[in-house]
Amino acid sequence: MSKNSVENHYYHKILEKIEPFLKAETQADEFNIDWIRMQGYWKAGKLLESESHKLEKKEFKKLRHYISRKLKLKNRRLFRVQQFYRYWPKKAPANKPKETLVWTKYEELLTVSDPKARAYYLKETLMSDWSCQQLRKAIRQNLYQNKSNLKRYVQGKLTKLHSLINTFWAQVMRVIDGDTLLVKIDLRFGVETLEELRLRGINCYEINDPNGLGIQAKEFVEKELQDAAWVLIVTYKTDKFGRYVADIYYSSVYETEEELLAKGHFLNQRLLDAGLAKRVEY
């Protein structure tokens, strides 16, 4: 038997072992797919790691390429699967389905080499339900070393805070997403400024949220403000992107500042009540 035949026979045996792990999610339902995928990938990573110690480096690369080609998976995915096992060699990093992240979030965590930092980002992602974008941003900004910038999800309604100094009338020019708006602010004395506002105390779902909640939040705000020629804004400090953090009050009935603050709709809270945002504190 030729060397190539021996190799192909060996590779095929490994392929038969690893394929059920790499395609385990095909047998899962929508409620536990992430849990099943994580468990399968961890087992696949364990098998790949074991083979990497048995084979010469060149041979192991050939094996991985063979598996990649046969299962139509990118070689990079197999590398990440093996790395996933290396970073959590004792067991997969979740004890039950509700503690499981989508695979793309684990891929973000695999970019963190420091075990303590990686554990920190995993914990915060679970606690605060970070999106992939939020997790990536936290890692890039080295939030592990700068915990004072941490944003946490909390319970409870927003507290209304305002004074004449930080309260202005404004026109909404565009709703960027559920919690970000472009407004023209009347600074009084004939002075206006165009600013991007970030709603205080809440975090709406991303526009690309797979459940469509980001789009729903944006459309909700557009509908709520469609009849409001002017809104009342209460501004606070700027955020790390230079945007004003603000509360927005509006009404089609009340017109004075006092009436709006006392009886008008409070947009930040309306988004929370509609289930289209989560309460956060910095």
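Taking the Cβ of each residue in 50, 128, 68, 113 as the centre, tally the other Cβ atoms inside 10 Å and list the residues starting with the fewest. Display every interim value, and only then the final one.
Working: 50 13, 128 19, 68 16, 113 8.
Exposure proxy ranking, most exposed first: 113, 50, 68, 128.
Taking neighbour counts of Cβ atoms within 10 Å as a proxy for exposure, in what order, fewest first, do 76, 198 appear? Before the final figure, lay out each step's value.
On the way: 76 10, 198 20.
Ranked by crowding around the Cβ, least crowded first: 76, 198.
Per Stokes-Einstein, at 4 °C and 1.567 mPa s, what whole-number D in µm² s⁻¹ belongs to the range 164-281, with the Kirkwood radius over Cα pairs as the hydrodynamic radius? Don't jump to the answer; show the numbers that get you there.
Values: Rh = 14.3 Å.
Answer from the Stokes-Einstein relation: 90 µm²/s.
Nearest 20 debye, what's the magnitude of the dipole of the chain about its Cα centre given +1 on Lys and Arg Cβ and -1 on Asp and Glu Cβ? Working shown, then result.
Values: 51 positive and 37 negative charges, 489 e Å.
Its charge dipole is roughly 2340 debye.
For the chain, what relative contact order do you get, as a whole percent, if you take Cα pairs closer than 8 Å and at least 6 residues apart? Please list the in-between numbers first.
Values: 373 pairs, mean separation 36.9, N = 282.
About 13 percent, as a whole number.
Identify, among 213, 18, 235, the residue whose Cα sits farthest towards the positive end of the charge dipole of the chain, taking +1 on the Cβ of Lys and Arg and -1 on the Cβ of Asp and Glu, with the dipole about the Cα centre.
Looking along the dipole axis, the top candidate is 18.
Would you mind computing, in nm to one decimal, how far apart the modelled labels at residue 60 and residue 99 are, each placed 7 Å from Cα along Cα→Cβ?
Label-label distance for residue 60 and residue 99, simple model: 2.9 nm.
So if I take the centroid of the Cα atoms in the range 6-29 and the same for the range 47-107, what is the distance between those two points in Å?
If we compute the Cα centre of each part, the gap is 12 Å.
Based on the Cβ-Cβ distance of residue 273 and residue 76, what FRET efficiency does E = 1/(1 + (r/R0)^6) give at R0 = 45 Å, to the nearest 0.05? Show your work: numbers first, answer last.
Values: r = 43 Å, r/R0 = 0.96.
Approximately 0.55, to the nearest 0.05.
For a 18 Å ceiling on Cα separation, which of these pairs sit above it: 46/137; 13/43; 61/105; 17/70?
Values: 46/137 30 Å; 13/43 16 Å; 61/105 26 Å; 17/70 13 Å.
Result: 46/137; 61/105 exceed 18 Å.
Label points 7 Å out from Cα along the Cβ direction at residue 141 and residue 28: separation in nm?
In this crude spin-label approximation the distance works out to 3.0 nm.
Can you spot the lysines whose alpha carbon is less than 19 Å from residue 184's alpha carbon? Ignore those fewer than 8 places along the same chain.
Cross-link targets: 218, 223, 237.
Test of understanding: ordering 249, 244 by Cβ neighbours within 10 Å, fewest first, what list do you get?
244, 249
For the chain, what is the convex hull (Cα atoms) projected area averaged across all directions, in square nanometres? Numbers along the way, then the final one.
Details: hull surface 74.4 nm².
Result: a mean projected hull area of 18.6 nm².
Using all alpha carbons of the range 3-150, what is the percent of pairwise distances in each 5 Å bin, ordered from the shortest bin to the longest?
2, 9, 18, 20, 17, 13, 10, 6, 3, 1, 0, 0
Points 7 angstrom from Cα along the Cβ direction at residue 8 and residue 262: gap in nanometres?
8.6
Values quoted throughout were computed directly from the atomic coordinates according to the rules given, and no laboratory measurement underlies them. Given the structure is predicted, the values throughout are model-derived calculations rather than measurements. FYI the Cβ positions are ideal-geometry reconstructions off the backbone, even for glycines, and counts take in every protein chain you see.
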